[in-house]
Amino acid sequence: MPKVSPHEPSTGPTDTDVVVVGNGPIGAALSVLLAQRGWRTTVLERRRRPYTLPRATSFDGETARLLAACGIGPDLGRITEPASGYQWRTASGEILLDIEFEPWGRYGWPDANTMHQPALEELLAARAAGLPGITVLRGRQVVGIVDRGDHVLVTAEDEDGAARTVSARWVVGCDGANSFVRDHLDVPVTDLGFSYEWLLCDVELREPQAFVPTNVQICDPARPTTLVGSGPGHRRWEFMRLPGERAAELNREETAWRLLAPFGVTPDTATLLRSTTYMFQARWADRWRVGRVLLAGDAAHLMPPFAGQGMCSGIRDVVNLSWKLDLVLRGLAGESVLDTYTEERRAQVQESILASVQLGRVICVTDRAAAAERDATVLANRRGRGPTRPEPARPLAGGLLYRGGADGPARPAGEVMPQGRVAGPGGSGPFDEVVGRGFVLLLAAGADAGPGAERLSFLAGLGAHVVRLLPGGPGPDGSGAAGPERAADDTGGVGVVDVDGVYGAYLARYGASALLVRPDYHVFGAAEGPEGAAALVDELRARLAAAVPAGAAGHGS
């Protein structure tokens, strides 16, 4: 479990270091990530009590890894169920798309994890309650934000209209689709104008049932329908509103039961937790930072549900932002490093939204002739092909990545580093748990010396882990535990055995002996030899030290 950073939090002139507006899973995760680094965080949440109904139903393996960084990894298995796969089917049951999920994916977690969102929020709330420095104020509606240049004043009113103003060094709006913070900043929004209305039905099953695969999209022009797992004992059905169909007629409990009945879901077999219509959207804010105020999660972007990346994208936002805010608050990076948050995450989100829209255009077809043509084309193209595996996480295309003198980053810079099992002095397990989280400089087995003592000192100041791969496999007892002779390393770091062969193969793929990885698991860069390792560290230091131009402080992208 991540530990609270040993540095002393600022006790400067502000009431708190960071105000987080919104205490959904995105805001809660951000407050935990900052508190783990020792920062005082005040969360302002308009709801007096936690919202007890689910919204998101799943997250991918990369997001599971990021949530584990919030200190809730040991409990994720209790509130989730791994999904077995995802299929698109025609109205007659023919398979248009078939993706198989693995219970141990490339990032050290199941490829897809179904969940009941309130249970996830309970885990995050319990984690937050156990950390010093987090103050959660419920029933507080933010009504005003004033950026004073070196701090921000945030005013919130309680249910009686009593106002309270909190001063902070930074403010992050995680306040959802109808974000006050985004509207207050008056930033432009790109809206693709792609939206359909669906009836969402969340059910709790009275008896366990097997659904294979876990997630199915029925591409039936008579009524496009989605069936997905949503954690232990829970499932969700979604039914698209048809052209000419009245929303009021669709949004009735008796309509929900009528549509659920063909799937064996009746009042005798399940409890209907919720049935409601919703309209998905495809849009993003063009600016995610204005001065000392930033946006994350649904406040910054909204997307159709077909790729299952809405909440995942929000978690990626706050993990990316949290370590950069930490460096700025500690004085180890200029404020301009926060502009790379917008640059990196907005580009990734745009790709996710466009991909989700493309999927939606295929799914949301109600014209029978067009659906028949679609089915025939897809079936012809996949004839003879078996199930596929999910694509790797989207790499970063720019931002705070190693260039090495080139115009842009060269792979693997920007990729998400895979996670395998390693064995170190303290035992064996997933890399993140054995080595720890933060920056990582990974050196190949048999590589020459590291980047030198002065550069290692700089990395130590960042809290980085220096790790050298060691030859050999699991220990004599089969546990993979490294013996004492394997623990020491002349770089001052730790030596680990690459139990699964993941890291040696990854370095070899790119002809590298050194890999510098960021706290969000994106690869900063790879290089060969001690000179290459030194160049990685030098460029990271130069990029973090980049000064904000005079007169431009606080005015981000």
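Every number in this text was worked out from the coordinates using simple rules, so none of it is lab data. These figures come from a predicted structure and were not determined experimentally. Reconstructed Cβ throughout: ideal geometry from the backbone, glycine too, with neighbour counts over all protein chains shown.
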| field | Radius of gyration and Dmax over the Cα atoms of segment 62-134, both given in Å | value | 15.9, 56
| field | Contour minus Cα-Cα distance for ARG541 and GLU391 (0.36 nm per residue) | value | 50.8 nm
| In order through segment 173-186: 3J(HN,Hα) via Karplus (6.51 cos²θ - 1.76 cosθ + 1.60), integer Hz, x for Gly, Pro | x, 10, 9, x, 4, 9, 4, 5, 4, 4, 5, 5, 6, 6
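Can you tell me the dipole magnitude for the chain around its Cα centre, using point charges on the Cβ only (Lys, Arg +1; Asp, Glu -1), in Debye to the nearest 20?
420 debye
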| field | Contact order relative to length of the chain, as percent, for alpha carbon pairs under 8 angstrom and 6 or more apart | value | 14 percent
| So how do 109-117, 77-85, 266-274 stack up, highest first, on mean other-Cβ count within 10 Å? | 109-117, 77-85, 266-274
| note | Length gained, ASP191-ASP98, 0.36 nm per residue minus C-alpha separation, equals 30.4 nm
| query | Can you list the residues, at least 5 places off or on another chain, whose amide H is less than 5 Å from the amide H of THR277, using H built in the peptide plane? | reply | LEU200
| query | Relative to the longest principal Cα axis of the chain, at what angle does helix 339-363 sit, 0 to 90 degrees, rounded to 10? | reply | 30 degrees
| task | Find the centroid of the Cα atoms in segment 417-471 and in segment 44-110, then give the distance between the two in whole Å. | result | 29 Å
| note | Per-residue ellipticity at 222 nm attributable to helices in the chain (runs of n ≥ 4 DSSP H, -39500 (n - 2.57) apiece, nearest 500 deg cm²/dmol) works out to -8500 deg cm²/dmol
| query | If contacts are Cα pairs under 8 angstrom and at least 6 residues apart, what is the relative contact order of segment 161-284 in percent? | reply | 35 percent
| note | Residues meeting the amide H criterion for GLY427 (H placed from the backbone, H to H distance under 5 Å, 5 or more places apart or on another chain) are ALA482
| 0 to 90° range, to nearest 10: angle between helix 368-381 axis and the chain longest Cα axis | 40 degrees
| request: Can you tell me the 0 to 90 degree angle between the C-alpha axis of helix 310-329 and the longest principal axis of the chain, rounded to 10? | output: 20 degrees
| query | How do the peptides 329-340, 512-523 rank, highest first, by the average count of neighbouring beta carbon atoms within 10 Å per residue? | reply | 512-523, 329-340
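Compute the signed sum of charges (Lys and Arg +1, Asp and Glu -1) over the other residues within less than 12 Å, Cβ to Cβ, of ALA376.
0
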| said: Taking θ = phi - 60°, what integer Hz values does the Karplus form 6.51 cos²θ - 1.76 cosθ + 1.60 yield along segment 187-194, in sequence order, with x for Gly and Pro? | reply: 7, x, 10, 8, 10, 7, x, 9
| query | Along the Cα-to-Cβ line of ASP158, 7 Å from the Cα, sits a label point; which residues in segment 18-50 have backbone N less than 17 Å from it? | reply | 43-50
| field | Answer label for volume of the Cα convex hull per residue in Å³ (calculated), chosen among [x] 171; [y] 227; [z] 153 | value | [x]
| field | Relative packing of peptides 385-396, 138-149 - highest average C-beta neighbours within 10 Å first | value | 138-149, 385-396
| task | Give the long-range amide H neighbours of SER513: residues separated by 5 or more places, or on another chain, with amide H under 5 Å away, using H modelled in the peptide plane at 1.01 Å from N. | result | ALA527, GLU528, GLY529
| query | Tell me, what is the FRET efficiency for ARG252 and ARG206 to the nearest 0.05, using R0 = 25 angstrom and their Cβ-Cβ distance as r? | reply | 0.65
| query | When Lys and Arg each count +1 and Asp and Glu each count -1, what net charge do the other residues less than 12 Å away from ALA83, Cβ to Cβ, add up to? | reply | -4
| Which is farthest toward the positive dipole end of the chain among ALA460, PRO74, VAL32, measuring Cα position about the Cα centre, with Cβ charges +1 (Lys, Arg) and -1 (Asp, Glu)? | VAL32
